[in-house]
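A short write-up of the structure that comes next.
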Amino acid sequence: MLAAGLAIAFSPLGAAEPPHRDAPQRVSGPAKPDLSARKRRGAASYYARQFFGKTMANGAPMNPRGNNAASRTLPLGTVAKVTNVATGKSAIIKIEDRGPYIKGRIVDLSPATAHEIGITKRIGVAKVVVAPIAVPLPDGRVKRSGESPGHDETARLASNPHPKSNARNLIQRE
């Protein structure tokens, strides 16, 4: 008993337990921007409640009912179609934030968009395909892919864009 007490007393301060083997690995540092407009496969998760209303990378508050999303590699203002591989359901998103910072995840979705494509609290993470539709380039041009949003989705994108967002400009150029 005394030995156990001494071991605890003399253990280095701040010594952390090893991470749980199933814990997600965090990713840090800047990611290389992807301006290719190519489809990508990976895992999608959704914003936690603690981020609701917080300022996103584009300056707008995070709207849990919006079509906003976060990507580490797609430029801010990118409009893309995200499809849940398991359900086949898809939605149009606009990249307005940076993240996710968990290895293997390529996009964080608003809770409303996640629910729309079949990601629930019980599931949490799903395999998705993200297909960029319009990618803003550094010189101000917009690179388009072969896919474009439908009329209803275009109207949703145009509704109430943040002043710092170029979603309205992307839609008007179509």
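Which one of Ala23, Ala80, Ala70, Ala44 is of a type in the set (Gly, Ala, Ser) and at pLDDT below 95?
Every option except Ala23 fails the conditions.
At least 2 residues that are in contact with an Asp or Glu (Cβ under 8 Å, 6 or more places away or on another chain) and either under 13 Å from Ala44 (Cβ atoms) or acidic (Asp, Glu) (or both) in each: list the strands (runs of 3 or more DSSP E) lying fully within the stretch 56-123 that qualify.
Answer list for the stretch 56-123: 68-70, 90-97.
Yes or no: the stretch 79-87 includes at least one residue that is touching a helix residue (DSSP H, G or I) at 6+ places or on another chain (Cβ under 8 Å) and free of Cβ contacts under 8 Å to residues at least 40 places away in the same chain.
No, there is no match, as no residue in the stretch 79-87 is touching a helix residue (DSSP H, G or I) at 6+ places or on another chain (Cβ under 8 Å) and free of Cβ contacts under 8 Å to residues at least 40 places away in the same chain.
Being among the charged types (D, E, K, R) and surrounded by 13 or more Cβ atoms within 10 Å (Cβ to Cβ) is the filter; apply it to the stretch 30-50 and report the residue that is farthest from Arg141 (Cα to Cα).
Among those that are among the charged types (D, E, K, R) and surrounded by 13 or more Cβ atoms within 10 Å (Cβ to Cβ), it is Arg40.
Let me spell it out: the conditions are (1) farther than 22 Å from Arg141 by Cα; (2) over 15 Å from the mean Cα position of the chain (by Cα), and Met56 meets all of them except one. Which number is the exception?
If we test Met56 against (1) farther than 22 Å from Arg141 by Cα; (2) over 15 Å from the mean Cα position of the chain (by Cα), just (2) comes out false.
For Val128, which of the numbered conditions (1) in contact with a Leu (Cβ under 9 Å, 6 or more places away or on another chain); (2) assigned to a loop (DSSP other than H, G, I, E, B); (3) of a type outside the set (Lys, Arg) fails to hold?
(2)
The values are calculated or read from the model by the stated rules, or taken from the named source; none is laboratory data. What you are looking at is a predicted structure, and each value in this text was computed from that prediction instead of being measured. Quick reminder, even Gly has a Cβ in these numbers, built from the backbone with ideal geometry, and neighbours come from all protein chains shown.
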